[in-house]
Number of protein chains: 2
Amino acid sequence: MDRIDRKLLNLLQRDASRTNAHMADEVGLSPSSCLRRIRRLRQAGIIDRVVAILNPAKAGRRLRAVVTVELRLHGEPNTRQFLDLAAREEAVIQAHAVTGEVDAILMLRLRDMEEYDALCHRLFQGRTNVARYWTMMVIRTAKDETAIPL
Amino acid sequence: MDRIDRKLLNLLQRDASRTNAHMADEVGLSPSSCLRRIRRLRQAGIIDRVVAILNPAKAGRRLRAVVTVELRLHGEPNTRQFLDLAAREEAVIQAHAVTGEVDAILMLRLRDMEEYDALCHRLFQGRTNVARYWTMMVIRTAKDETAIPL
DNA sequence: CTCAGAATGCAATAAAATTGCACGGATGTG
DNA sequence: CACATCCGTGCAATTTTATTGCATTCTGAG
């Protein structure tokens, strides 16, 4: 993992659709060398996968929300059970167990408020293990990266 | 945006490294038709970009945290100023203004606690506009998608 | 300094993407 | 219902890109 690897990873984290020859130019290597490095980074699992990022609005998911959740019954099996339940919801993009005043945090991608309402009913109301929950609707996004700083 | 487009987008959101011919097979189209659809989805901006997703641990960013922030001075210019400040930090992956009991929420990718400490000093202490902040360190992740449900 | 292992560049080859073109199905109109 | 038009499709030719073998160069340990 030298300087060139880092440079390649940074390029790939922003735009993985460039041709290998172009990438080689950027880092000052021959196409074959460049390709072999990228392949090595993939096989080592440093590059986990390559994905397409959609425009949320154009994909019909304008709303974004963060929900913090306090459970009634804390501890390992209960937390896991709730997270698994949440993970099954397609609107739930991320589900984490966390430290702090709450037990879990969910990131949502929503079509509209109707979907939010329905989701809350399924996850938070009825006979679920949720004591309280706090919803933060995203008003404005100043930064939104998938890239991990190196 | 018919059924085939949605299928293509779902495939690309999980793995955009497949060959066009493979994708064509998956959706039951010829390679040329498949390619033209993908190109159209890109030009329409539905596909925003294609990126490499790294393994956080192998990239040296084992720690993940969510921080909610209450500002001293609320309202538009102050919130924007704080978000811009936060966005300049490389450990800050996402920065949002939100509704609810807090004003902003930050997603962090951290190397270690030392980096967290330094970041807190820069963003939350001293003469910044932050009244209080709550850190939730991610213990376990049950779901972590970049894909937007269609 | 010397040697072994790893990385590199070049050129040939294989694979993939891209394009032109003709066909077929859906839609709208007289 | 016949007809013209438009859009998407598949095939095959072409161009571009990825991949590999091999000789050379670089790097680090002893």
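The values are calculated or read from the model by the stated rules, or taken from the named source; none is laboratory data. Keep in mind that what you see is a predicted model, and the values were worked out from it rather than measured. Cβ coordinates were reconstructed from backbone atoms using ideal geometry, including for glycine residues, and neighbour counts include every protein chain displayed. Accessible surface areas use protein heavy atoms only, side chains included; no ligands, DNA or RNA. Shrake-Rupley method; radii C 1.70, N 1.55, O 1.52, S 1.80 Å.
Quick look at the numbers
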| item | result |
| --- | --- |
| Odd one out for residue A:84, checked against (1) facing chain B (nearest Cβ under 9 Å); (2) in a helix (DSSP H, G or I); (3) farther than 26 Å from residue B:15 by Cα; (4) open to solvent by 60 Å² or more (accessible area, probe 1.4 Å) | (3) |
| Whichever residue in the stretch A:59-80 is without any contact (Cβ under 8 Å) to a residue 40 or more places away in the chain and more than 10 Å from chain B (Cβ to nearest Cβ) and, among such residues, is least open to solvent (accessible area, probe 1.4 Å) | A:75 |
| Residue match in the stretch A:37-54 (condition: in contact with a strand residue (DSSP E or B) (Cβ under 7 Å, 6 or more places away or on another chain), more than 16 Å from DNA strand C (Cβ to nearest atom) and in a helix (DSSP H, G or I)) | no |
| So residue B:111, is it within 9 Å of another protein chain (Cβ to nearest Cβ), of a type outside the set (S, T, N, Q), open to solvent by 60 Å² or more (accessible area, probe 1.4 Å) and in contact (Cβ under 8 Å) with a residue 40 or more places away in the chain | yes |
| Given (1) assigned to a loop (DSSP other than H, G, I, E, B); (2) more than 9 Å from DNA strand D (Cβ to nearest atom), index of the condition residue A:18 fails | (2) |
| Candidate set: the stretch A:19-58, residues that are over 24 Å from residue B:150 (Cβ atoms), open to solvent by 40 Å² or more (accessible area, probe 1.4 Å) and facing another protein chain (nearest Cβ under 9 Å); chosen: the one farthest from the chain's Cα centre (by Cα) | A:44 |
| Where a residue in the stretch B:29-55 is over 18 Å from residue B:3 (Cβ atoms) and its partner, wherever it lies, is basic (Lys, Arg), with Cβ under 7 Å and at least six apart | B:45/A:58; B:51/A:14; B:53/A:49 |
| Single residue of the stretch B:114-150 satisfying the filter (polar (S, T, N, Q) and open to solvent by 50 Å² or more (accessible area, probe 1.4 Å)) that is farthest from the other protein chains (Cβ to nearest Cβ) | B:125 |
| Residue within the stretch A:49-56 that is at pLDDT 95 or above and within 13 Å of DNA strand D (Cβ to nearest atom) present | yes |
